[in-house]
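Derivation of every value follows stated rules applied to the coordinates shown; laboratory data play no part. What you see is a predicted model; the values in this text were computed from it and never measured. Positions of Cβ are generated from backbone atoms using ideal geometry, with glycine treated the same way; all protein chains shown enter the neighbour counts.
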Amino acid sequence: MSLRTGSRTSRYLDRYLDMPRRKTALKLTPAVPAEPKRLLGYMRVSTPDQDPALQLAALEKEGCEEVFRDVASGAKTDRPGLAELLEVLEEGDVLVVWKLDRLGRSLPHLVQVVGALRAKGVGLRSMTESLDTTTAGGQLVFHIFAALADFERELIRERTRAGLEAASARG
């Protein structure tokens, strides 16, 4: 590819090439140190009849020091095991779950929980989805999840408004 001298593209390129180069690269600091202080696990089954052995074995294999457990439907807000875990977590810890749906009731709830973890300096690893918020890539993926949750909330609001307007028009 050749550039014509004096062309607009050439002038921008020449200006770019004449710019001083940065001597040091920007340093990104992860939300959690590379080596977590502790790995703490969380598992949930929906009914007492379900076998938690698969989740427990996976969390133990991952190296979790302690595993907190709840037997509750995903829609239930009262989860004593999760509440205790959230109190115990400290800066530098990483919360490990077998699957994201074990942690959050919905995508908006999951985003809320991860936001609270991040505010405490705690990372999240989901084994099944290979998501790790202690890495830049994991943070990116989770921000995409958060954007989708916001999008979902806005769609619900729009549908609700449209339904109310239609009902009002019908009388």
Residue-ordered couplings for segment 127-133, obtained by feeding phi - 60° into the Karplus form 6.51 cos²θ - 1.76 cosθ + 1.60 and rounding to whole Hz (Gly and Pro as x), are 5, 5, 8, 6, 9, 9, 6
With the Cα gyration tensor of segment 43-123 giving a ≥ b ≥ c as the square roots of its eigenvalues, does the rule (a/c under 1.5 for rounded; else a/b larger than b/c for prolate; else oblate) give rounded, prolate or oblate?
oblate
Using a ≥ b ≥ c from the Cα gyration tensor of segment 66-171 (square roots of the eigenvalues), is it rounded, prolate or oblate, where a/c under 1.5 gives rounded and otherwise the larger of a/b and b/c decides, a/b for prolate?
prolate
Checked segment 56-100 with the C-alpha gyration tensor, a ≥ b ≥ c its square-rooted eigenvalues, rounded below a/c of 1.5, otherwise prolate if a/b is larger than b/c and oblate if not; verdict oblate
Can you pull out the GluC sites (Glu not before Pro) in segment 48-86 that DSSP calls coil and that have at most 14 other Cβ atoms within 10 Å?
GLU65
Given charges of +1 on the Cβ of Lys and Arg and -1 on the Cβ of Asp and Glu, with all other atoms neutral, how large is the dipole of segment 72-156 about its Cα centre, in debye to the nearest 20?
180 debye
